[in-house]
1. Which condition breaks for ASP43 when tested against (1) in contact (Cβ under 8 Å) with a residue 24 or more places away in the chain; (2) more than 16 Å from GLY136 (Cβ to Cβ); (3) of a type in the set (D, E, K, R)?
2. Can you find a residue in the range 80-91 that is surrounded by fewer than 24 Cβ atoms within 10 Å (Cβ to Cβ), of a type outside the set (D, E, K, R) and over 21 Å from ALA125 (Cα atoms)?
3. Give the number of residues within the range 17-45 that are part of a helix (DSSP H, G or I) and crowded, with 20+ Cβ neighbours inside 10 Å.
4. Which residues, counting only those in the range 92-108, are part of a helix (DSSP H, G or I) and surrounded by 17 or more Cβ atoms within 10 Å (Cβ to Cβ)?
5. For LEU173, indicate whether it is under 16 Å from the mean Cα position of the chain (by Cα) and surrounded by 14 or more Cβ atoms within 10 Å (Cβ to Cβ).
6. I need a count of the residues in the range 200-221 that are surrounded by 14 or more Cβ atoms within 10 Å (Cβ to Cβ), outside any helix (DSSP H, G or I) and without any contact (Cβ under 8 Å) to a residue 60 or more places away in the chain.
7. Could you list, in sequence order, the residues of the range 125-148 that are hydrophobic (A, V, I, L, M, F, W, C) and more than 14 Å from the chain's Cα centre (by Cα)?
8. When the range 222-252 is examined, which residues are found to be buried (at least 17 other Cβ atoms within 10 Å of the Cβ) and over 17 Å from the mean Cα position of the chain (by Cα)?
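Derivation of every value follows stated rules applied to the coordinates shown; laboratory data play no part. Not measured: the values here are computed from a predicted model. Cβ sites come from the backbone with ideal geometry, for glycine too, and all protein chains shown count toward neighbours.
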Amino acid sequence: MIVIDHTTIKDIPVLIVEDDTTLNQSLPVVIYFHGFTSSKEMDLSQAYLLAEQGYRVLLPDSMHHGERLITQDEQKIQIDFWKIVLRNLEDLNQIYLYLKERDLAQDDRIGVAGTSMGGITVAAALTRFQWIKAAGIMMGSAKINDMGHYLIENIKQQGIDLPMTDEEIDYQLKSLETIDLSTQIDKLQHRPLMIWHGENDRVVPYEHSVSFAEMLKSNGYPEDRYSFISEPNRDHKVSREAKFALRDFFVKHL
């Protein structure tokens, strides 16, 4: 039977989803990050599909989300978008240390995936953590600097006053270069990567995934190490088919 353990790892609320016959055993692990304004509970269906295949799945709440929500000011949360992504990277490292200390990851088989903001987090994580063995970006963006400019323009178009000067905005955008996977493809080191995106997405540009997949191809990335799944007539919502595809990807590569 698949069970859910509600726990806390270094002040990070986490759901751990796994089969009850393998509790506390060393298993392959997938860490999955939710999207903007979502929460860990929203990804339980994906976790279930993976847990059925023998994975231990960890679903953390991001800063300003789920159990960590301390403000209802959506504008503030939106402005803090990149702070959330950077905090996700810190949280990911803490979760990794937790797994290592308790010998919960079989042969260091640890994969990371995420939806939207979570997918952006995954792309950023691939520039920092070589221990990630396989990764899934679900309607996210690996073109993080471009995504930063895109979000700033969206905020301005909404008439939201940014509590930053133009110089501070430029500094923040400049700082994103260190976690921009599209400019550091060599850091992937041919690790397995799945990219999924709906063609009608109006939240995270579909074109970012198309152009990044083209970058991988032009850089000679092995065709058996990455897949780009483009789903027609799909907006900013992960489909059932995409969830099964991600499951199958990890079964093959992790």
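1. ASP43 satisfies every listed condition except (2).
2. no
3. So the count comes out to 2.
4. Of everything in the range 92-108, those that are part of a helix (DSSP H, G or I) and surrounded by 17 or more Cβ atoms within 10 Å (Cβ to Cβ) turn out to be LEU92, ILE95, TYR96, TYR98, LEU99.
5. no
6. 1
7. Within the range 125-148, TRP131, MET147 qualify.
8. Once the filter is applied, which keeps residues that are buried (at least 17 other Cβ atoms within 10 Å of the Cβ) and over 17 Å from the mean Cα position of the chain (by Cα), the range 222-252 yields GLU231, ARG234.
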